[in-house]
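Take a look at the structure below.
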Amino acid sequence: MRIDLHTHSTVSDGLDAPADLIALAVAAGLDVVALTDHDAFDGLEQACAAASALGIGFLSGVEMSTERDGHSVHLLGYGCDPDEAELAAELRRIRDGREHRTPAMLARLAGLGMPLTEAEVAAFAEDASSIGRPHVADAMVARGYVRDRDEAFAKWLGDDRPAYVNRYATPLERAIALVRGASGVAVIAHPWSRRGRHELPERYLTELVADHGLDGVEADHPDHTPAERAALHSLAGRLGVLATGSSDYHGAGKKAGFSLGSCTTEPAVYERLVALIADRGGRRPGLLD
Ligand code: AMP
Ligand code: MN
Ligand code: MN
Ligand code: MN
């Protein structure tokens with residue numbers, strides 16, 4: 001069983017439409033795939049229909065933009081009820097913050113000698129409910145300002161780069177409560193990518209489990225070193241929570257390590273995850289209600 005529980009489609013900053021992503025998951029030899037677009041549920045229906053047509057397991061997900069002490073933290077929600085009002089309203093608030101940020105980033109880029117129109121960015125975010133920096137990066141590539149998304153982030157759009165503009169994100173502890181309030185399971189995505197190990201130390205992850213109902217951590221992720229993966233597995237084991245593994249696939253344009261199935265979740269962990277969703281009355285694999 002090969003299980004990949006973190007992927008993106010054109011509903012956010014991925015390069016494949018939801019149904020195409022499912023076909024690619026089948027071609028990559030996966031048995032189960034979850035779609036986890038940033039701050040939006042809109043691809044789930046299409047992906048789920050494609051998965052049942054192609055005979056691959058499918059789990060509904062979302063990757064929420066959250067923050068702790070001003071640092072960005074991504075939270076995966078599995079099996080959430082997309083119609084639950086509080087979570088839906090909060091995701092709308094995050095997406096509104098994304099919309100408002102785009103013109104501010106374009107003003108920065110213009111000031112840096114790289115003018116772009118909103119229409120140029122919109123052309124790369126045609127199907128996206130969640131517009132983001134990768135779409136701005138795509139428009140920069142098209143203009144010849146940078147070679148690829150990576151260079152756009154490294155030079156201009158990254159968190160400490162000159163065209164960066166902050167946006168609204170949900171406080172992490174509230175986001176966990178919202179996911180659980182929508183009958184879902186809350187797993188921190190790539191907790192130690194970039195500077196994360198300092199921002200989310202083990203003692204804080206421990207507190208999130210004990211006091212706020214965090215259900216798991218994504219241990220195996222292309223951004224984590226083997227030592228970080230081992231430490232997260234061991235922490236999850238001590239805390240009795242899930243340690244998942246996934247590729248965080250965004251499309252073939254991304255770095256090689258992020259290909260579908262490049263990191264996977266153990267079947268026994270997946271079974272526990274599905275049992276938790278069922279306990280909470282959330283959306284079980286392959287189902288739309
Ligand atoms: P945003 O959601 O608009 O804040 O943009 C963050 C997204 O940009 C992440 O979800 C990644 O998919 C992508 N990203 C972050 N860093 C890089 C990078 N160095 N190269 C390419 N994409 C990146
Ligand atoms: Mn992304
Ligand atoms: Mn992420
Ligand atoms: Mn992701």
Checklist entry - What residue, of Gly251, Gly213, is of a type in the set (Gly, Ala, Ser) and without any contact (Cβ under 8 Å) to a residue 60 or more places away in the chain? => result Gly213
Checklist entry - Under the condition of being assigned to a loop (DSSP other than H, G, I, E, B), of a type in the set (A, V, I, L, M, F, W, C) and more than 16 Å from ligand 4 (Cβ to nearest atom), which residue from segment 115-136 is surrounded by the fewest Cβ atoms within 10 Å (Cβ to Cβ)? => result Leu116
Item to check | Verdict on Leu208 being modelled with pLDDT of 95 or more, more than 16 Å from Met64 (Cβ to Cβ) and under 20 Å from the mean Cα position of the chain (by Cα) | outcome: no
Checklist outcome for this item: Filtering segment 140-163 down to residues that are free of Cβ contacts under 8 Å to residues at least 24 places away in the same chain, closer than 28 Å to Glu90 by Cα and either within 16 Å of ligand 2 (Cβ to nearest atom) or acidic (Asp, Glu) (or both) yields Phe153, Gly158, Asp160
Checklist entry - Of everything in segment 175-195 that's in contact with a Ser or Thr (Cβ under 8 Å, 6 or more places away or on another chain) and more than 12 Å from ligand 3 (Cβ to nearest atom), which residue is nearest to Leu75 (Cα to Cα)? => result Ala175
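To keep it simple, each residue is scored yes or no on (1) modelled with pLDDT of 95 or more; (2) within 16 Å of ligand 4 (Cβ to nearest atom).
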residue: Ala19; (1), (2): yes, no
residue: Val26; (1), (2): yes, no
residue: Leu35; (1), (2): yes, yes
residue: His38; (1), (2): yes, yes
residue: Gln46; (1), (2): yes, no
residue: Ser52; (1), (2): yes, no
residue: Gly61; (1), (2): yes, yes
residue: Thr66; (1), (2): yes, yes
residue: Asp69; (1), (2): no, no
Checklist entry - Residue check, Glu218 against (1) within 16 Å of ligand 2 (Cβ to nearest atom); (2) touching a residue at least 40 places away in the same chain (Cβ under 8 Å); (3) closer than 24 Å to Ala17 by Cβ, all met but one. Which one? => result (3)
Checklist outcome for this item: Of those in segment 272-285 that are in contact with a Ser or Thr (Cβ under 6 Å, 6 or more places away or on another chain) and part of a loop (DSSP other than H, G, I, E, B), the residue modelled with the lowest pLDDT is Arg283
Checklist entry - Can you find a residue in segment 169-180 that is closer than 21 Å to Pro103 by Cα and at pLDDT below 95? => result no
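The values are calculated or read from the model by the stated rules, or taken from the named source; none is laboratory data. Not measured: the values here are computed from a predicted model. Don't worry about glycine lacking a Cβ; one is built from the backbone with ideal geometry, like all the others, and counts go over all protein chains shown.
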